[in-house]
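Structure, as structure tokens:
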Amino acid sequence: MKKILIALLVGMFAEITAFIFLGSQIGVLPTLLLIIGTSLLGGIVLKKMGTKSFVSIKQSLARGEAPGAAMVEGVLVIVGAVLLLFPGFISDIFAIMLIVPVTRKLFLPIIFSSMRKIVNKRTTIV
């Protein structure tokens, strides 16, 4: 819990620093327009890619395949779109990495190995 709180505080200070730096470089109005633009982009991506992800999962199930990869990619796209909705330039960089298919594929091995560790830790006794 303490690590999460520290990470959130560091993230907030980094975002504020990015706002101040970018605002001093390009001006306040362009900075505000960028913030509004990325939020609008996040809404558009959430609507289009989110529904596309659900269709992909549905097609995988219809073919009789496990929708594991499609489901994880769909969640990554949705998380990226939600990150775009929130103001912040550092979070926008991570959001774009989650939305773009080439960079999103880089996160899949990390997520699958984390999921395996979680599953292996839990034992169920029936």
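Once amide H atoms are built 1.01 Å from N in the peptide plane, which residues 5 or more positions from Gly88, or in another chain, come under 5 Å H to H?
none
What figure in square angstrom, to the nearest 10, would you give for the accessible area of Met12 with a 1.4 Å probe?
110 Å²
Which of the helices in the chain meet the span-like rule: DSSP H, Cα axial reach of 18 Å or more, Kyte-Doolittle mean at least 1.6?
2-26, 68-85
What is the chain by shape, rounded, prolate or oblate, if you read a ≥ b ≥ c off the alpha carbon gyration tensor as root eigenvalues and call it rounded for a/c under 1.5, prolate for a/b larger than b/c, and oblate otherwise?
Here the chain falls in the oblate category.
Give the longest segment of the chain that steers clear of trypsin sites (Lys or Arg not before Pro) in DSSP loops with at most 15 neighbouring Cβ atoms within 10 Å, not counting the sites themselves.
Longest stretch, sites excluded: 1-62.
Counting only protein heavy atoms and a 1.4 Å probe, tell me what percentage of the chain's accessible area is made up of carbon and sulfur.
78 percent
Quick one: of Lys3/Lys117; Lys58/Lys105; Lys52/Lys117; Lys3/Lys105, which pairs are farther than 24 Å apart, Cα to Cα?
Pairs exceeding the cut-off: Lys52/Lys117; Lys3/Lys105.
If each of Leu108 and Val79 carries a label point 7 Å out from its Cα toward its Cβ, how far apart are those two points in nm?
Taking the simple label geometry, Leu108 and Val79 are separated by 1.5 nm.
Hey, with R₀ at 41 Å, roughly what FRET efficiency would Phe21 and Arg116 work out to, going by the Cβ-Cβ distance, to 0.05?
Between Phe21 and Arg116 the formula returns 0.55.
The values are calculated or read from the model by the stated rules, or taken from the named source; none is laboratory data. All values reported here derive from a predicted model rather than from experimental measurement. Cβ sites come from the backbone with ideal geometry, for glycine too, and all protein chains shown count toward neighbours. Only protein heavy atoms, including side chains, enter the accessible area calculation; ligands, DNA and RNA are left aside. Shrake-Rupley method; radii C 1.70, N 1.55, O 1.52, S 1.80 Å.
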